[in-house]
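The values are calculated or read from the model by the stated rules, or taken from the named source; none is laboratory data. What you see is a predicted model, and the numbers here were worked out from it, not measured in a lab. With ideal geometry, Cβ positions are generated from the backbone for all residues, glycine too; neighbour counts draw on all protein chains shown.
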Amino acid sequence: MAVTQSSAPVRARADAPASGVTRIRTRHTANFTVLSNRLAQRAGSAVTVGVAAYILSLPDGASIRIDALCAHFKEGRARISAALNELEAEGWLERRVERGPGGRIVTRTFVYDAPGRTESDAPSAVPPVVGAPVAEPGPKPGPKPEAAQAHAPEPAQEAAQGAAPDPRAAAVLGSLRHRDRRLVLSERETAALAPAVAEWLDRGVGPYEIAEALTSGLPDRIDRRPVRLLAYRLAALRPPEPAAADPAPPRPMPFQDCDGCDRVFRAPQPGRCRDCRASAASSALLAA
């Protein structure tokens, strides 16, 4: 028995805790992602933390559509969608509807490693876009987005100057604050959103239905100005164009009294009915 066999470590670390987790650290020099403890230790759904960590590890331009996330994770669309909504409500994620090249409306997704940061806080001049632009049905090309706060962009920068917004749309937007006190819009924001609201009205959607679509299911926390959230809903939920109405049927010819037999018949002008015309033609042939 010259050799002693044991599965226990030869020496325990002097600073090792008596219980709980002991971290074994490795210095990474490539292919790693830095996460804040605020996110890694977030209480609640583990799916939300996992989705956030995965998105932060992706390169700029990678797709984070629900279909792409469902292809990576085993969770279904409902849980992935709920995780994205939680991240957006807490400020980790932001989805904006903007006008892309050629005037096409696109949805861009921004992810923040610390909620409350903005594009101007980033060390690079290029914003950290992690969601490739995805074309979605949206309002007609309108004003270009601008800052909702001092340095956060919103879709209200280049509203037509001097042009008053559609009064119907302005009334709908003004009524939103009665449903939710957080939805108080400035004149510039109202002018920027009015064209999209007017388009809903022109497509046969009533003011009540528009207000319901814009205010139902809002997140508990809105960190920034609500104009971007309203612009996204107006674009993503835009109703289809109404179907073309069938052409009106031709009007029937008016009634006329026959000059020969006083019988009523339809004709564009007064005269004789068909029978009287036939009888007169027969008489003319016999006379000839």
| message | Of everything in the range 37-67, what is over 23 Å from the mean Cα position of the chain (by Cα) and of a type in the set (Lys, Arg)? Give them in sequence order. | response | Arg38, Arg42
| request: Quickly run through the range 70-87 and pick out the residues that are among the aliphatic types (A, V, I, L, M) and in contact with a Ser or Thr (Cβ under 9 Å, 6 or more places away or on another chain). | output: Ala82, Ala83, Leu84, Leu87
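If only one of Glu94, Glu189, Glu88 is outside any loop (DSSP other than H, G, I, E, B), at pLDDT 50 or above and more than 23 Å from Ala52 (Cα to Cα), which one is it? So that I can check it myself, show each step before the final result.
On the way: Glu94 fails: more than 23 Å from Ala52 (Cα to Cα); Glu88 fails: more than 23 Å from Ala52 (Cα to Cα).
On inspection, the qualifying residue turns out to be Glu189.
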| query | Does at least one position in the range 33-48 carry a residue that is of a type in the set (Lys, Arg) and in a helix (DSSP H, G or I)? | reply | yes
| query | Counting just the residues of the range 234-278 that are closer than 30 Å to Ala213 by Cβ and at pLDDT below 85, which one comes out farthest from the chain's Cα centre (by Cα)? | reply | Asp246
| request: Only one of these is in contact with a Gly (Cβ under 7 Å, 6 or more places away or on another chain) and outside the structural domain of Trp200 (by TED's automatic domain parsing): Cys261, Cys276. Name it. | output: Cys276
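Can you tell which of Pro239, Pro219, Pro165 is under 28 Å from Thr109 (Cβ atoms), in contact (Cβ under 8 Å) with a residue 12 or more places away in the chain, touching a Leu at 6+ places or on another chain (Cβ under 9 Å) and assigned to a loop (DSSP other than H, G, I, E, B)?
Values: Pro239 fails: touching a Leu at 6+ places or on another chain (Cβ under 9 Å); Pro165 fails: under 28 Å from Thr109 (Cβ atoms).
So the residue among Pro239, Pro219, Pro165 that is under 28 Å from Thr109 (Cβ atoms), in contact (Cβ under 8 Å) with a residue 12 or more places away in the chain, touching a Leu at 6+ places or on another chain (Cβ under 9 Å) and assigned to a loop (DSSP other than H, G, I, E, B) is Pro219.
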| task | Using the structure shown, decide if Pro240 is of a type outside the set (Ser, Thr, Tyr), exposed (fewer than 14 other Cβ atoms within 10 Å of the Cβ) and under 30 Å from Asn85 (Cα atoms). | result | yes
| field | In the range 78-106, the residues that are within 15 Å of Tyr232 (Cα to Cα) and small (Gly, Ala, Ser) | value | Ala89, Gly100
| said: Can you find a residue that is within 23 Å of Arg104 (Cα to Cα), in contact (Cβ under 8 Å) with a residue 12 or more places away in the chain and outside the structural domain of Arg95 (by TED's automatic domain parsing) anywhere in the range 179-188? | reply: yes
| message | One residue is enough: does the range 74-85 have a residue meeting the conditions part of a loop (DSSP other than H, G, I, E, B), touching a residue at least 12 places away in the same chain (Cβ under 8 Å), within 15 Å of Tyr112 (Cα to Cα) and under 18 Å from the mean Cα position of the chain (by Cα)? | response | no
| query | Which ones in the range 53-73 are touching a residue at least 40 places away in the same chain (Cβ under 8 Å) and either within 20 Å of Ser36 (Cβ to Cβ) or among the hydrophobic types (A, V, I, L, M, F, W, C) (or both)? | reply | Ile55, Leu56, Leu58, Pro59, Asp60, Ala62, Ile64
| message | Going by what's in this entry, would Gly50 be described as touching a residue at least 12 places away in the same chain (Cβ under 8 Å), exposed (fewer than 13 other Cβ atoms within 10 Å of the Cβ) and not basic (Lys, Arg)? | response | no
